[in-house]
Amino acid sequence: MWWTPPVQPDAHPDLVRVLDDFERARLAQLRGRPQGGCYLAAHALTRLVLADRLGVPPRQVRYDRTCPCGGQHGKPRLRIDTAYTAAGSVDFSMTHTPDLVGVAVADAAVGLDVEKIRPLLGIATLSAQIYSPHELAQLREPAGDLATLFMTWTRKEALVKATGEGLRRPMNSITLDDTQGVAVSDWGSAPPAGPMWLVDLRPGPDHPAALAGCGTAPSAVSESDGYEVLAHARGVLD
C-alpha cells in the first residue's frame, strides 16, 4: 500500500503523460477542480507501482474497464495478456479524501477505502444507510459517534470494492462481525463464494481507513510513502 497527498496536473505534466487516453480525458474534465489533484495522484501512482511489479513502462499498463452493464465505466482491472504474463491475479484499489490518496496492490482481489472524519448534516439518515438494522440496534446513541460511523463506512466500502460490487450492494445490508478473523457476520443476500478479510488502518489523524480482500488474511500489510514514488518518477519516465 502507498499513501500520498494530491499532486496538481499543472505542476506535474510528466505524471499526466503517464496516463492513458481515457484517464487524460477524465482528468481534463476535472481541470481546475480539487478532485483533479487526487485523480492524477491515484492513477499515476497506480501505474507506477504496477509497472514496477510487471516489469513494463507505466504507459504500457493496460486496463479493462468493462462494467457489468457492458459500458466502459467499471472498476479498472488489469488486462491479462502476453504483454505481461507475470500479472497473474494481481488486483489493485484506489481511494482518496481531499487531502490524502491511497493505492493498494495485492495478489488477489483487494479493496481500499479512506475517509476524513468531518461534521455531517443528516447524520441519522446517513447512519441508516451505513449501519445494518442489527448494528443500529446495538448503538449506544441513535446515530452513533462520528469516529465509529466513519470507521464502519471505510470497512464496508473496502469490502464491496474487494468483491467488485461497489455500492451496488448497499452498505446497510452488511453486518460486520467483531470476532477476530471474521469480517462479516451477515451479507444480507448473495454472500461471496469464500471468506473475506478486513484490516483497519490509520494513515493520518482523523483519517480512518480499511483494507479488505477475498480469502484468508494476508501474512503482512505494508504501507509506504507514495509521494516518494511519484517524486522519483518525475523526469525519468521517458
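The values are calculated or read from the model by the stated rules, or taken from the named source; none is laboratory data. Nothing here was measured: the structure is a model prediction, and the numbers come from that model. We place every Cβ from the backbone using ideal geometry, glycine too, and count neighbours over all the protein chains shown. Only protein heavy atoms, including side chains, enter the accessible area calculation; ligands, DNA and RNA are left aside. Shrake-Rupley method; radii C 1.70, N 1.55, O 1.52, S 1.80 Å.
Points to keep in mind about this one:
- Highest mobility in the GNM of the chain, judged by mean-square fluctuation with C-alpha springs under 10 Å and restricted to Thr97, Thr216, Thr125, is found for Thr125.
- For Ser185, the residues whose modelled amide H falls within less than 5 Å of its own, excluding neighbours fewer than 5 places apart on the same chain, are Thr175, Leu176, Asp177.
- Equivalent ellipsoid semi-axes, the range 126-178, via Cα gyration tensor eigenvalues times 5, rooted, Å: 19, 11, 9
- Across the chain, Cα-Cα distances exceeding 33 Å account for 19% of all pairs.
- GNM remark for the chain: springs join alpha carbons under 10 Å apart, and the peak mean-square fluctuation among Ala108, Ala128, Ala137 falls on Ala137.
- Legend: residues Met196, Met94, sorted from most to least accessible area (1.4 Å probe; ligands, DNA and RNA excluded), read Met94, Met196.
- Treating each Cα of the range 175-231 as an identical point scatterer and summing with the Debye formula, the log10 of I(q)/I(0) at q = 0.20, 0.24, 0.28, 0.29 Å⁻¹ comes to -0.86, -1.05, -1.22, -1.26.
- Built amide H within the under 5 Å cut-off of Arg79, gap 5+: Arg62, Tyr63, Asp64
- Gain in span if fully extended, Arg17 to Gln138, counting 0.36 nm per residue against the direct Cα distance: 38.6 nm
- Label point at Arg79 placed 7 Å out along Cα→Cβ; residues across the range 9-28 whose backbone nitrogen lies under 12 Å: 20-22
- The chain: relative contact order in percent, alpha carbon pairs under 8 Å with at least 6 residues between: 21 percent
- With every protein chain in place, the range 88-232: carbon and sulfur % of accessible area (1.4 Å): 55 percent
- Put a plus charge on the Cβ of each Lys and Arg, a minus charge on the Cβ of each Asp and Glu, and nothing anywhere else: the dipole of the chain about its Cα centre is then about 680 debye.
- Rounded accessible area per residue of the chain, 1.4 Å, Å²: 51 Å²
- Each residue of the range 54-65 was assigned a 3J(HN,Hα) from its phi angle through the Karplus expression (A = 6.51, B = -1.76, C = 1.60, θ = phi - 60°), giving 8, x, 10, x, x, 6, 8, 6, 10, 10, 10, 10 Hz with x at Gly and Pro.
- For the chain, the mean residue ellipticity at 222 nm estimated from helices alone is -9000 deg cm²/dmol, where every DSSP H run of n ≥ 4 contributes -39500 (n - 2.57) and the total is divided by all residues, rounded to the nearest 500.
- Here the scattering of the range 22-71 is modelled by Debye summation over its C-alpha atoms, one equal scatterer each and no solvent; at q = 0.13, 0.15, 0.24 Å⁻¹ the log10 of I(q)/I(0) is -0.38, -0.50, -0.94.
- Filtered trypsin sites (Lys or Arg not before Pro), the range 7-51: DSSP coil and at most 10 other beta carbons within 10 Å: Arg31
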